[in-house]
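The values are calculated or read from the model by the stated rules, or taken from the named source; none is laboratory data. Keep in mind that this is a model prediction, so the values were computed, not measured. Backbone-built Cβ (ideal geometry, glycine too); neighbour counts: all protein chains shown. Each accessible area value is taken on the protein alone, full model and side chains, heavy atoms only, with ligands, DNA and RNA left out. Shrake-Rupley method; radii C 1.70, N 1.55, O 1.52, S 1.80 Å.
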Amino acid sequence: MKRPDPAVLLLTPALLLTGVVFLAPFGLLVATGFWSQPKGSLIVERSFTLDNYVRIAADLYYWRGLGRTLGLSAATTILCLLIGFPVAQWLVRRARRTRALVTALILVPLVCGALLPTLGLVNILGTLGVLNGTLKALGLIDRSIPFLGNDSGILIGLVQSFLPLMILPLATVLDRLPVSLEEAAMSLGATRPKVWRRVILPLAAPGMLAGALLVFCAALTSFVTPQILGQGKVATFATIAYQQAALVLDWPFASALAVVMLALIGAAGLLVALGRRALLAAERAP
Amino acid sequence: MSDTPHLAIEGVAKRYRGTPALADIALAIRRGEFLALLGPSGCGKSTLLRILAGLLAADEGRVTLDGADVTAMPPWRRDIGLVFQNYALFPHMTVRGNVRFGLEMRKIDRATADRMVDEALDTVRLGGLAERRPAELSGGQQQRVAIARAIAIKPRLLLLDEPLSNLDAVLRTSVRVELRELHERTGLTTIMVTHDQAEALTLADRVAVMSAGRVLQHGTPRDVYETPATAFVATFVGSPPASLLRITVAADGGLRLGEQPWTAPAGFVAACGGAKRRQVDLALRPERLRLGAPDAPGALPAEIRAVEYLGSDRIVHVEAAGQRLLVRVDGAVDLGGGSVGVLLPEGPPLLFDAETGARLPA
Amino acid sequence: MIAGQSRGRGLLWDAFTVLVILAVLSPIAVLIFSAFNDGRAFRFPPQAYSLRWFEAAFASAEYRSSLASSTLIGMIAAALSVVIGTMAALPLARGAVRRRRAIELLLLAPLTLPLIVWSIALLQIYAFLGINGSLGGLVLAHATITLPYTVRIMIAAFAGIDPHLDAAARSLGAPPFTAFRRVTLPIVLPGLLTSAAFSFLVSFNDVIVSTFIAGSRWITFPVRLYSQLRSQGVDPITLAIGAMIVGAILLAVLVGELISKRWKRTRA
Ligand SMILES: Nc1ncnc2c1ncn2[C@@H]1O[C@H](COP(=O)(O)OP(=O)(O)OP(=O)(O)O)[C@@H](O)[C@H]1O
Ligand SMILES: [Mg+2]
């Protein structure tokens, strides 16, 4: 018998954990999405049916949820790009010795999980919260603006939660652009906006796409933030899936909803890959 | 017209968060001149170049180009071509795209721009590579693209920051010649930063030697070599550079080498006359020294410590009165024994105040 | 700074960044602040301040048991993740593996694929196996989602080691274990600590996966908090507990930053 390669031995537990515990269930999901569970029963009928998908496609409620989810995710992505780009560039160009500290601080909400920062946000955005209280004290408003229970609060929450996912990959990409590229462009007559358009933007585009994909997927599948900040009044695709899986306990239907989400993410990924190819092609063009 | 300098730098100073990087720089450069900024690493050469390009704002002083004050002019309006040490080619553009960039910024129409690109590429002999990407070029080719990009905009001034330092030794010598030819062909006023004294002496019409944020001497290569303004210039220029021999001038005007009284050649005592009770440094160029018998008349007795064989020459390290000196001798000369006499050159000695480094009048 | 430009542009940029960082941190700051509010419902500005919710938090047996569950699960999951992840990172960092890119991509999948989708599948598998809400089931799930963090951090940590260092130490007469202890370990120790801390925190704070596979026996603090938030709204006791958690995390990050700075300086 051949002696086993030590590298293989070292990798086996990790590959098993990721391959079997993490990846295999995705396959199962596709299968159970085609099973069904009669209304009011908890017994799953293991025979092929398209009922779940027909039910999703036929009900306007899910379409509305889908539309709202896509809208919120797109808005979150765009806001994160607009806010994240200058911050990422600041980290690379101006942060100097504070860079490690600022990066760590940006990471803090990420390791605090989905729930605790949301709990704080409730106290910021509530009718008696910090934001309304401050605006009132400044005399800018005299009646509270409702942020909770509607899209605005959810959008604020999503941007706040996922901004780090945009800033960090962007900073990595921008780090690889030597300042001398910008300086060369300026010495050749490019004003600041031109430098940005012609040099920084094309070179940072892969990082922007990567960050955008991360944020978009995170926003699309997030259910804690929309649930808490929407106060149960706003149905997104992920909160519906959560309800079906954890409360209604209709697992085949929940699986079908999950498969739809997966397909949406796949489509987003494809779009980004196409965008990337288009960029490369545009650069190659004379 | 010919009296007013093309570029004038007056009293320029720069500090990086309190630490001075440049102090009171004053230089005047004539139209069409090739100036080398020469100095050791960290002396502020790049800082000065960046101030000229407008990439860095000077804290004090004025920069005048063609008689107009450009101190506060942003880089994109200066029309100054700049070649970076790492070339800074745009990786997402072809060679043509890189060279055309500056022309596009000037809104030159496509056909004219393409013609100018070809012209610039021909000037640096890169005609066939226009459609390549920077990543598909060798270091030497990348550097030529960087030069083509800078000259394509027909700049008023061409600045080069250590243009040869990323090239291997063989390429460096050939590019050196090409740079000189390029300068003659284009007639562009050129400033090149380097820490290689051979590069500065061979390429430039004039050399400005810098140290610790100051210009110590500004003159022709010959001036800088023959009549260094300070001890530092003497020990920085030349290959190998001059050695310094520390001499103590006693109260009565007598000279000492270490503890021993020294009967120096005739001109020395007079030259040191103004420096009583002080120490002076005598700069000795290795190629002006000769070795003889230890007891030869007027020779400095010395011991040979090491010999470097360079083919045509040898560099002999000798120790005289406890101090090291370098002597260049013919490679074929056979060196006997350990004891030799160092024969000093004729003519006025190069003497410097040991404390300030300033040249003593001969 | 470029010639002919005022300092204003840079200062504006600094101000914008500071504002964004403050906004990102504001939920955490307000969480801590609001725990000191005396009233049952938070209002800004608070009418009175008190520590009574902290006292109540320490007195509450119910929360104590869920915090204990979270801690235990977090520690076991982190230990598993660090051991398995470090083992995997070693050959990957040394580049001694075929198809390295593919393996890395596979191991990082839990970071890129949506956890909610996975959880919906896992829920059904766990139910079939009868391990929903069990300690083992939770630990397994948490080890899986924390593994990619460890793999990433440890690959970076190992990549920072010059493979000749170990040989150099041995050539200087150090026996293999001593060489490991004196040379390799000190270099990767920060990585080990970072991945342990990361794994623990990700597990401890996880609500996305746990809330699906939770049962009645092992209820973690975030799972309890989430179900309570959905049904009854904010309980000020949870504000106090949350404040202590994020306060501890913030403190740990700042101290870690300080230590790593000092560590870098002594090495420089
Ligand atoms: N951005 C900066 N911040 C702080 N100090 C700087 C900065 N840039 C340069 N310095 C310092 O200013 C001095 C001059 O730097 P400069 O880059 O001009 O030197 P140089 O002569 O070009 O050296 P080299 O030959 O190594 O390129 C150095 O001591 C350097 O450390
Ligand atoms: Mg330099």
* **Within 10 Å of each Cβ in B:76-82, the average number of Cβ atoms from other chains** => 5
* Structure fact -> Note to self: C-alpha centroids of the stretch B:177-236 and the stretch B:1-65 sit apart, in Å, by 14
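So how do B:206-212, A:103-109, C:252-258 stack up, highest first, on mean other-Cβ count within 10 Å? Could you put the intermediate results ahead of the total?
Values: B:206-212: 22.7, A:103-109: 19.6, C:252-258: 14.0.
Top of the packing list down: B:206-212, A:103-109, C:252-258.
If you average over every viewing direction, what projected area does the convex hull of the Cα atoms of the stretch C:150-202 give, in nm²?
Numbers: hull surface 14.2 nm².
The orientation-averaged projected area of the Cα hull of the stretch C:150-202 comes to 3.6 nm².
Roughly how many debye, to the nearest 20, is the charge dipole of chain A about its Cα centre, given +1 on each Lys and Arg Cβ, -1 on each Asp and Glu Cβ, and no other charges?
On the way: 23 positive and 11 negative charges, 171 e Å.
Here chain A has a charge dipole of around 820 debye.
Rounded to the nearest percent, how much of the accessible area of chain B (1.4 Å probe, protein heavy atoms only) is carbon and sulfur? Intermediate values should be presented prior to the final figure.
Working: 8070 of 15820 Å².
Carbon plus sulfur share of accessible area: 51 percent.
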* **Between C and A, accessible area buried - total, square angstrom, nearest 100, 1.4 angstrom probe** => 7100
* Given 37 °C and 0.692 mPa s, how large is the Stokes-Einstein diffusion coefficient of the stretch A:50-284 in µm²/s, with Rh as the Kirkwood radius over Cα pairs? -> 165
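Within a 10 angstrom radius of each residue's Cβ in C:15-25, how many Cβ atoms of other chains show up on average? Whole number is fine. Could you put the intermediate results ahead of the total?
Working: counts 0, 4, 11, 3, 2, 9, 7, 1, 6, 15, 7.
What the average comes to for C:15-25 is 6.
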* Structure fact -> Projected onto their principal axes, the Cα atoms of chain C stretch, largest extent first, over whole-Å spans of 69, 68, 34
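How many percent of DSSP beta bridges within the protein assembly as shown run antiparallel, rounded to 5?
Given both bridge residues lie in the protein assembly as shown, the antiparallel proportion sits at roughly 75 percent.
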* Structure fact -> Note: the stretch A:164-286 at 10 °C, 1.306 mPa s; Kirkwood Rh on alpha carbon pairs; Stokes-Einstein D in µm²/s works out to 92
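Using Cα pairs closer than 8 Å and at least 6 residues apart in sequence, work out the relative contact order for chain B, in percent. Intermediate values should be presented prior to the final figure.
Values: 758 pairs, mean separation 53.4, N = 362.
It comes to 15 percent, rounded to a whole number.
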* Mean separation of Cα contacts under 8 Å, 6 or more apart, over the residue count of the stretch C:1-158: relative contact order % -> 26
* Structure fact -> Given unit charges at Cβ for Lys, Arg (+) and Asp, Glu (-), the dipole magnitude of the stretch B:286-344 about its Cα centre in debye, nearest 20, is 140
* Asked: How would you rank C:25-37, B:343-355, highest first, on the average number of other Cβ atoms within 10 Å across their residues?
  -> C:25-37, B:343-355
* To do: Give the residue from A:GLY269, A:LEU119, A:ALA184 lying farthest towards the positive end of the charge dipole for the stretch A:50-284; charges sit on Cβ (+1 for Lys and Arg, -1 for Asp and Glu) and the dipole is referred to the Cα centre.
  => A:ALA184
* Per-residue average of Cβ from other chains inside 10 Å of C:220-232 -> 3
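Could you check how much of the accessible area of chain C is carbon and sulfur, as a whole percent, using a 1.4 Å probe? Don't skip to the answer; put the middle values down first.
Values: 8760 of 13070 Å².
With neighbouring chains kept in place, the figure for chain C is 67 percent.
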* Structure fact -> For the stretch B:38-105, averaging the sequence separation of alpha carbon pairs under 8 Å that lie six or more residues apart and dividing by its residue count, the contact order in percent is 20
* Structure fact -> Probe 1.4 Å, heavy atoms of protein chains only: per residue, the accessible area of the stretch A:165-224 in Å² is 32
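Mind checking the dipole of the protein assembly as shown: about its Cα centre, +1 per Lys or Arg Cβ, -1 per Asp or Glu Cβ, Debye to the nearest 20?
Working: 89 positive and 63 negative charges, 346 e Å.
So the magnitude is around 1660 debye.
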* To do: Check the straight Cα-Cα distances from A:LYS233 and name the lysines below 29 Å, setting aside those fewer than 8 residues away within the same chain.
  => A:LYS39, A:LYS136
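Averaged over all directions, how much area does the convex hull of the C-alpha atoms of the protein assembly as shown cover when projected, in nm²? Kindly include the intermediate steps, with their values, before the conclusion.
Details: hull surface 216.7 nm².
Mean orientational projected area (the protein assembly as shown, Cα hull): 54.2 nm².
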* **Fraction of alpha-carbon pairs over 39 Å apart in chain B - percent** => 30
* **Vicinal HN-Hα couplings computed from phi for the stretch B:98-112 (Karplus, 6.51 cos²θ - 1.76 cosθ + 1.60; Hz; Gly/Pro x)** => 4, 5, 6, 3, x, 6, 4, 4, 8, 6, 7, 5, 3, 5, 4
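Please list C:58-71, B:19-32 highest first by mean number of surrounding beta-carbon atoms within 10 Å per residue.
Highest mean packing first, the order is B:19-32, C:58-71.
Which value at 222 nm does chain A reach when only helices count, each DSSP H run of 4 or more adding -39,500 (n - 2.57), with the total divided by all residues and rounded to the nearest 500 deg cm²/dmol? Write out the running numbers ahead of the final one.
Numbers: 14 runs with 199 residues, N = 286.
-22500 deg cm²/dmol, from helical runs alone.
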* To do: Averaging over all projection directions, find the projected area of the Cα convex hull of the stretch C:194-254 and quote it in nm² with one decimal place.
  => 4.8
